[in-house]
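Written below as structure tokens is the structure these notes are about.
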Amino acid sequence: MARYTVFLYHPADQRETDPEKLEALMAEHDAHGKELVEEGVMIFGSPLEDHDATTSIRADTVVDGPFVEVNEVIVGFYVIDVPDLDAALAVARRNPIIHQGGGVEVRPMASDDDPGTQGCAGS
């Protein structure tokens with residue numbers, strides 16, 4: 001089995017402000033998350049606070065907000081444990097954000113066997 005992080009992106013300028021519509025969108029994500037847990041593939045997942053709450057650090061500089069102007073922002077993520085990339089893509093394609101104007105990015109996580117992870121917390 002291999003672990004992948006699925007990042008959820010949404011256009012930065014398309015924030016849902018209607019509480020009822022937002023609740024309906026989030027209900028889709030909750031149902032999707034429950035399905036993944038029941039299937040035994042999701043390890044962890046979480047929505048993220050609005051990108052305006054971001055604090056970025058580079059060298060000696062701390063900046064409120066993201067460093068660059070972005071068209072899309074990460075609004076959530078989840079970690080899955082599946083046999084391979086094809087299985088990860090199949091899981092990611094089912095995410096409701098794809099039909100809500102956003103998209104996903106699937107990235108393999110480094111394994112404990114990768115030399116670059118030696119000394120990392122949790123490895």
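Laboratory data are not the source of any read-out in this text; all were calculated from the coordinates shown. Just so we're clear, the structure is a prediction, and the values are computed from it rather than from any experiment. We place every Cβ from the backbone using ideal geometry, glycine too, and count neighbours over all the protein chains shown.
Using a cutoff of 8 angstrom between alpha carbon atoms and counting only pairs six or more residues apart, the relative contact order for the stretch 2-111 works out to 49 percent.
Put simply, the Cα atoms of the stretch 2-111 extend 41, 40, 18 Å along their principal axes, the longest span coming first. Annotation: amide H-H contacts under 5 Å for MET109 (H modelled 1.01 Å from N, sequence separation of 5 or more, or interchain): ARG3, TYR4, THR5. Taking amide H atoms as placed 1.01 Å from N in the peptide plane, the amide H of THR54 lies under 5 Å from those of GLY65, each 5 or more residues away in sequence or on another chain.
Highest mean packing first, where packing is the average number of other Cβ atoms within 10 Å per residue, the peptides 19-30, 100-111 line up as 100-111, 19-30.
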